[in-house]
1. Test A:R81 against the stated conditions and say whether it is without any contact (Cβ under 8 Å) to a residue 60 or more places away in the chain, over 17 Å from A:I306 (Cβ atoms) and at the interface with another protein chain (Cβ under 9 Å from one of its Cβ atoms).
2. Listed residues B:T156, B:T175; which is over 16 Å from B:L128 (Cβ atoms) and touching a residue at least 12 places away in the same chain (Cβ under 8 Å)?
3. Would you call B:S254 buried (at least 21 other Cβ atoms within 10 Å of the Cβ) and either farther than 28 Å from B:F144 by Cα or within 14 Å of chain A (Cβ to nearest Cβ) (or both)?
4. Does segment B:493-513 hold any residues that are within 14 Å of chain A (Cβ to nearest Cβ) and either out of contact with any strand residue (DSSP E or B) (no Cβ under 7 Å at 6 or more places or on another chain) or in a loop (DSSP other than H, G, I, E, B) (or both), and which are they?
5. Among the residues of segment B:470-483, are any crowded, with 22+ Cβ neighbours inside 10 Å, within 30 Å of A:N69 (Cα to Cα) and in contact with a helix residue (DSSP H, G or I) (Cβ under 7 Å, 6 or more places away or on another chain)?
6. For segment A:191-206, name all the residues that are surrounded by fewer than 22 Cβ atoms within 10 Å (Cβ to Cβ) and more than 7 Å from every other protein chain (Cβ to nearest Cβ).
7. Among the helices (runs of 4 or more DSSP H) contained in segment A:213-317, which hold 2 or more residues that are in contact with a Lys or Arg (Cβ under 7 Å, 6 or more places away or on another chain)?
8. Looking at A:Y95, A:Y4, A:Y62 in this structure, which one is modelled with pLDDT under 85 and at the interface with chain B (Cβ under 7 Å from one of its Cβ atoms)?
Amino acid sequence: MKGYRRYFLNKAMWFAITFLCAFLLNFILPRLMPGDPVAGIVAHIAQGQSASAGVQAIYQQYTELFHTNEPLINQFLYYIRNVFRGDFGFSFSQYPRSVVSVVSSSIWWTIALQFPAIILGWLIGNTLGALAAYIKKGFDKVLMPISIFVSNFPAFGMAVILLVIFGVSLKWFPTSGGYGYDMIPHFSLDFIWSVIVHYQLPFWSIVLIAIGGQAIGMRSMAIYELNADYVKYARFMGIKDRKIIGYVFRNAMLPQVTGLALSIGTMVGGALIAEIIFSYPGLGYTMLHGVMGQDYPLISYTTLIITLMVLVAMFAIDIIYGFIDPRVKAAQTE
Amino acid sequence: MKRIYVLISLVVALGMLLSACATPTAETVVQTQLVPGATTVVKETQVVKETQVVQVEVTPTTAPQNLLPRDETMYFNGQQWNPVVCWNPYSSNCNNAMAIAAGDNSRVLMFETAYLYDMLDGKLYPLLADGPYQWDDAQTQITFKVKAAAHWSDGTPVTADDFAYTWATNLKYNTSAGGNFSPYIAGVEAVDPSTVVVKAVLNDQGVAANPLMAVAYLSSTYVMQKAWTQTVEARTGEDATAFLADAADDVVYSGPYHMYFADETKVILIRDDNYWGQDASMWGKLPVPKYLAHAIYKDNAAGTIALLGGEVDVSQQFNSNIQDSWKFLGLPISTYLPDPPYMIGASLPTAYYNLKSPGLDNVVIRKAIAIAVDYPTIIANAMTNQSATFDQVPRSLMNPTPGEQALYDHEAVADLQWAGNDIAGANKMLDDAGIIDINGDGWREYNGETLHYVATCPNGWSDWQAAIEVVAAAGAKIGIDITTNYPEWGDYQTVVTKSDAPLPAGYDIFMMWSDGAGPTQPWGRIYHLLSSQFVGMPVNWNGNWGQYSNERVDELLALIPHETDAAQLKSYYTELVQIYLTDIPSFTLMYRPQSFHTVNETVWTGFPHQDDGSVPPVPPLDCMDGWSVACLYNVSLVPAGE
C-alpha cells in the first residue's frame, strides 16, 4: 500500500503541475489571436449609425468594461482574482450574460448527446472488434472493411447522409432542433417522446463513426493478445476458452479504456458538426461562436473545463490502472 | 452483459430527461452595489468607484401553453441565430432580434416608435404619433402629437413625457440611439401630455444641422415608459454599465406582442390582447397570429429545410435558388416578386479600393478592373439571381427602389454607367493609358511595378467570397494579377476599420456593406460611402474605408439635408453619381435586399406581394419592420382543404 500511496502522490503532483500550465495557456492563447473582440461587438451596433463620435464612445465603453485596453498582465490578475471568487467573467459575445450562464445553459445538451454516444459507440465497437478477432473467418472479413470505411467517414458526411435519408426523404425523423419546433419544455410523454425522436439522428451520426474506430482498435489489440505466449500456454494447460477470453480481453481493453477516458474528457468540446447540421443545442456551437467572436472569457472557460475533465479522466485512469493492472502496482512497490 | 445494457438504457434515458427538463435560460439581472469601504481609485481626472456586481437570477414564469397551435402561430427564421440575452431596448447587446431592432426600419412587435417608415414609398406613417409631424417655419424643431389611445402594457397612457424621458435616458447612459442622434437632436420636450417637440441641433445659419437625421429619429428610436425606466435606474443605482446590462425581464412595452418563452432553441412572442393599436385610430383590430415563434437554426441550410418542410412561414435568410421550391417542388412558397430578382434590392454591397495601393491611385486602373468584372456571374452565383442586374438597374449610388431611382437624372450619367464584362473596353483603356505588359510575363506594369493586388473579404461569408473570386478572375482577363485572401472576420474588421493609417498590404480591394433603405436614404448611404469625415478615425465603423476624399462631395453632402426643392435635390444627387462613377473609389458588386422575404403559404396567406393593392404599400420586410408590420393584420389562415 505504501508503494501505491507513492504512486498516487506522484500522479497527483503531475496533475497539479499540468493543470497550472494549462490554466496559464488557457488564458494566454485566446488573447494571442489577431483582431479586436470589442471591434466585433461594436460592428454589430454601429451599422447604420451616422455619428462617428457615438461609435467611438461605445467602443471606449466596452474596451474599459472588458479591460481589453490594459496590458495582458493586468488582465491576467483580474482573471485570477475573479476566478477565486468563482466569477469567470462576462461573455463578450453575449454580454451581459456571464460565461458560467452561457455554458451552463448548453452544456447539459452536449453531455446528454455525447456521453451516451461515446459509451454506446465504445461498447458496441469493442464488442464487435473482439468478436472479429476471436471468430475470424467471414465475420472478420466483413467487419474489418466496414469498420475502416465508417471510421474514416467525416462527421459532416455521416450527419448529412442521415439527415437527407431519414429526415428529408423518408421523413422518419425531424431535421432540426432538440425538441419539437412547436413545443415548450414541460413534463409530459409527448415532450419526452419529442426529445427522444429529435435525439436520434445526431446521436447515431456520432455513434456510427465511433463504432468503426473502436472496432478496429479492439480487433488489433485482441489479435495481439490472442497470439501471446500465455494464451497458448493456457490452452495447452487445458483451461477453458471462456476463461482465456476473459484474460485476453482484460489485457486488450487497457488501451481502449484510456481512449474512452480521453473521449469522455473532451466530450464537453461538443459535437460541433452534429449541432450545426441538426441545429441541435449544445456547447460546441457556443464555443465556435466564441472563437469566431474572440470571446476570450468564454474560450478560456470552456477550454479550462475541457482541460480539467481530460486531466481528471487521465488521473482517474492512472489510478484505476494501478488497481486493475498488477504490473503497475508491482513497479511501484519495487 | 444484460446488466450493462440496462445500465446504458438508464444512462441514456436520464441524460435525455435532464437535458429536456432543464429550466430555460434564467434571466440575469445585474445589479451594481457600492461595496462599503470600497477603494477609490483616481485615474487621471476621473474618479472610479469599485462596485460589486450582484447577479440576481430571475426565472421566467412557466408558460401555460406547451404546444403552440399551428393555426395561431406564425413561424420565422433568419432573424435570431443565437439565444436571447435580454429584453432591454436601451442595451445594444440583447441579441433579441424579434423584439429589439431599432433603426431605419424599426421592428415594432414589442416596442414602438412614433412613426413607421415604408421603404416602398419613402414615407413615414404615424404609429404612436397622431398625424403627421410638423417642422416649424424656422426649421429648428419638429412637433407631433401622441395618439390618445396609445397606452403601455400596464394600462397607463403613453405621454409626451415618456418621449422626453427616453431621449434624456439615451443621452445620459450613452446608448446606441443617444450616440447616433446626439449630434443632430438637441433635446426632446413635452409641451403638454400629448405634444412632443423634438429640438434639432442648429448650424451656423440657425437651422437644423441635419433635418434628415432629425426626422429619422422619429421612426428609428423606441420610446420607453418613463416610470419603468426610473425603476431600472433605481435598481441599478444609475450606473451606466449596470443600466445597460439590465436584463429587463419586467420591461413595460406598448407593442402588440411580448415575451412568452425563450431558451437555447427558440424565442416566442405572444399577442397582448389589450394592445392599444386595436383602436380605430390605428389598426382597428388585433394582429391575426396569436404567437410569433422563431426557432434558432445554426445555419442557412437548416433554416431552408425547415422552410421547405412547412415549419417556417416567413423566412428572412438567404435561401439559395428559392425559385426551385415552387417551380420544381410545387410548394406554396413565394417571394415578393414572382420573377428575378425576387426581392427588392435596398443595399449595395461594395468593393472598396485601397486608394493608396500602387496603381490604385490611378483612376484608369480602378475603372478597368471595375468594368471588367462579370457582375451577372456574381448575381447568379452569390445571390442565385435574388438581385437586380446592372442591366435592369444601372449602377449609381441609389438602390433599385422607385423612390431612390427617381432622385437622379439617368440620362446625364448614362455614359458613365457600365454593366460589366467589358474586357475589350478595359484592355483598350489600359493600353491607351500606356499601362502595358512590358516584360512579357502576362501582367501589366505601372511605374515599373507589376500590377498585383489582393482582393479580400471575411472568411466564411460565402456570397461575398463568391463575388471576390469573380473580381479576381476579371483581373486575369485584363492582365492584372489579382489574388484572393480570406482572413477571419475578427482580423478583417480590425484592419479595415482603422482609418487613421494607410491600409496594410493584402487589402487592395476589399468588400464592405452599405446602408439599405431608410428615411435618410440615399443621403445616408452616400455619406457613409464617400464622406471624408471618417478618414483619420482610429476606429471607423461608419464607412469610406478606402479613405477617399473629395471636397465637392463633402459640400454636396452638407447641402442635401437642407434642400427642399425637388429639382435642386435631383441635381445634387446627379452630381454625386457623376463624381462617384468618374472617380470610382469603390464599386457596387450587387444589390441586396433590405431583408430577405420568402413565405410558405401552407398555413398562412395574405403576405405582401408586388401589386397586391395594399395602400399604403406593405413592404416585404418579414411582417415586422417599419410599415411591413401591417402584414400581421392582413394575413389569414389558408382555408382547410387547400
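The values are calculated or read from the model by the stated rules, or taken from the named source; none is laboratory data. Everything numeric in this text was worked out from a predicted model, so none of it was measured. Virtual Cβ from ideal backbone geometry, glycine too; neighbours counted across all protein chains shown.
1. no
2. Only one candidate qualifies: B:T175.
3. No, not satisfied.
4. Those that are within 14 Å of chain A (Cβ to nearest Cβ) and either out of contact with any strand residue (DSSP E or B) (no Cβ under 7 Å at 6 or more places or on another chain) or in a loop (DSSP other than H, G, I, E, B) (or both): B:Q493, B:T494, B:V495, B:T497, B:K498, B:S499, B:D500, B:P504, B:G506, B:Y507, B:W513.
5. The answer is no, given that none of the residues of segment B:470-483 is crowded, with 22+ Cβ neighbours inside 10 Å, within 30 Å of A:N69 (Cα to Cα) and in contact with a helix residue (DSSP H, G or I) (Cβ under 7 Å, 6 or more places away or on another chain).
6. A:W193, A:V197, A:Q200, A:W204, listed by residue number.
7. A:272-277
8. Result of the check over A:Y95, A:Y4, A:Y62: A:Y95.
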